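Below is one structure; the comments refer to it alone.
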Amino acid sequence: MWSYDRRLQYPVKITKADPTMAKKVISQFGGPDGELGASMRYLSQRYATKNKKVIGLLTDIGTEELGHMEMVSAIVHQLTSNLSMDDIEGTDFAAYYVDHTVGVYPESAGGVPFNALTFQSKGDIITDLHEDMAAEQKARTTYDNLLRLIKDPEIYDPIRFLRQREIVHYQRFGEAKSSYVNKIAEDTCYEESSAYTLFHILWKIFLYKSRYY
Amino acid sequence: MMSIEQYQLMQYINQVSFAIHDTVLYLDTHPKDECALDYYHKLIPLKKQAVSVYVNTFGPMNADQVNSKTSWTWGENPWPWELEGC
């Protein structure tokens, strides 16, 4: 279950419309490294492990990403508010306007609609945590690219906040992965990954056979 | 348009909530860190009190915080992504 708080995680107050910039920022909503994919990735991956710590982390970061999706959407919405046709005509935003007017639609900066193929839920938590760390870095790079293109401090400020969160998430996923990999020496961990299953069965047989009752 | 008082209280709630959330992520991977757990427990009542003042003064922040028994106020104020909102 989720519950909605009527506030943004970090304030977005953009007073000057800029449809060309909106067309770029929208990528962090529905693009290949955007917040929609990030949230769906972590919330989908939670079921592949019995490690309660990792489930907690995926739940909490997946939830925060929903809040980031809302922030990116707010930026796009404010950048496309009160536009005249003169503001739209001849800009990169014109093609978007034909398909979506000024509605917020999950797509990449290149206009490709959101695709669930941008993420995996592999059913192997160690594999998934590796992807999660890469995903945070890819999103961080995308925010860096946006920050190089943005001049308006009102847009720059919330984007900088979002970029910083990618770094914290990367760190937390790294810690989760390390704690996990260190557990490989323990009996329970072999059950987590199908790659270890055969070894696990053989090991159990070995343990059983070597008992002296 | 919201008042300075509302904006400032919302800013405070955002700051305390962010501190709690970032501590939660840290505790997820460091569950035995007593210092972080103390910090978490120090922040929770600060948020509770600020949210209670906000809800009583400016309206609901969550759909289960509608105080009015005569009208449905959830949809009355600006939404957070609106320029005049929080």
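Listed here are the residues, each with its yes/no results for (1) charged (D, E, K, R); (2) over 18 Å from A:GLY30 (Cα atoms); (3) away from every other protein chain (no Cβ under 14 Å); (4) in a helix (DSSP H, G or I).
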residue: A:GLY110; (1), (2), (3), (4): no, no, yes, no
residue: A:GLU136; (1), (2), (3), (4): yes, no, no, yes
residue: A:TYR143; (1), (2), (3), (4): no, no, yes, yes
residue: A:PHE161; (1), (2), (3), (4): no, yes, no, yes
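Number of residues in segment A:185-204 that are surrounded by 12 or more Cβ atoms within 10 Å (Cβ to Cβ) and modelled with pLDDT of 65 or more: the value is 3.
Filtering segment A:11-40 to residues that are surrounded by fewer than 19 Cβ atoms within 10 Å (Cβ to Cβ), of a type in the set (Ser, Thr, Tyr) and within 28 Å of B:PRO60 (Cα to Cα) leaves only A:THR15.
Wholly within segment A:10-104, which helices (runs of 4 or more DSSP H) include no fewer than the required count, namely at least 2 residues that are facing chain B (nearest Cβ under 9 Å), touching a residue at least 24 places away in the same chain (Cβ under 8 Å) and of a type in the set (Gly, Ala, Ser)?
Qualifying helices (runs of 4 or more DSSP H): A:52-79.
Is it the case, given these coordinates, that B:SER52 is more than 30 Å from A:GLU175 (Cβ to Cβ) and either more than 9 Å from chain A (Cβ to nearest Cβ) or modelled with pLDDT of 95 or more (or both)? It is true that B:SER52 is more than 30 Å from A:GLU175 (Cβ to Cβ) and either more than 9 Å from chain A (Cβ to nearest Cβ) or modelled with pLDDT of 95 or more (or both). Selection over segment B:12-35 of residues that are part of a helix (DSSP H, G or I), facing chain A (nearest Cβ under 7 Å), over 15 Å from A:ASP5 (Cα atoms) and not acidic (Asp, Glu) gives a count of 3. Candidates A:LEU117, A:LEU129, A:LEU147: the one that is outside any loop (DSSP other than H, G, I, E, B), in contact (Cβ under 8 Å) with a residue 12 or more places away in the chain and farther than 20 Å from A:THR63 by Cα is A:LEU147.
Here the condition is being surrounded by 15 or more Cβ atoms within 10 Å (Cβ to Cβ) and within 12 Å of chain A (Cβ to nearest Cβ); of B:LEU43, B:LEU9, it holds for B:LEU9 alone. Can you tell me which residue within segment A:163-184, out of those that are facing another protein chain (nearest Cβ under 10 Å) and surrounded by fewer than 19 Cβ atoms within 10 Å (Cβ to Cβ), is modelled with the lowest pLDDT? Only one residue fits best here, namely A:SER179. As a summary of the residue check, B:LYS69 satisfies the conditions (1) more than 11 Å from every other protein chain (Cβ to nearest Cβ); (2) closer than 20 Å to A:VAL12 by Cβ except for the one numbered (2). Take segment A:41-58 and flag every residue that is modelled with pLDDT of 95 or more and surrounded by fewer than 20 Cβ atoms within 10 Å (Cβ to Cβ). Hits for segment A:41-58 are A:LEU43, A:SER44, A:ARG46, A:TYR47, A:ILE55, A:GLY56.
The values are calculated or read from the model by the stated rules, or taken from the named source; none is laboratory data. On a predicted model such as this, the values are computed, not experimentally measured, just so you know. Because the Cβ atoms are built from the backbone with ideal geometry, glycine has one as well, and the counts that use them run over all protein chains shown.
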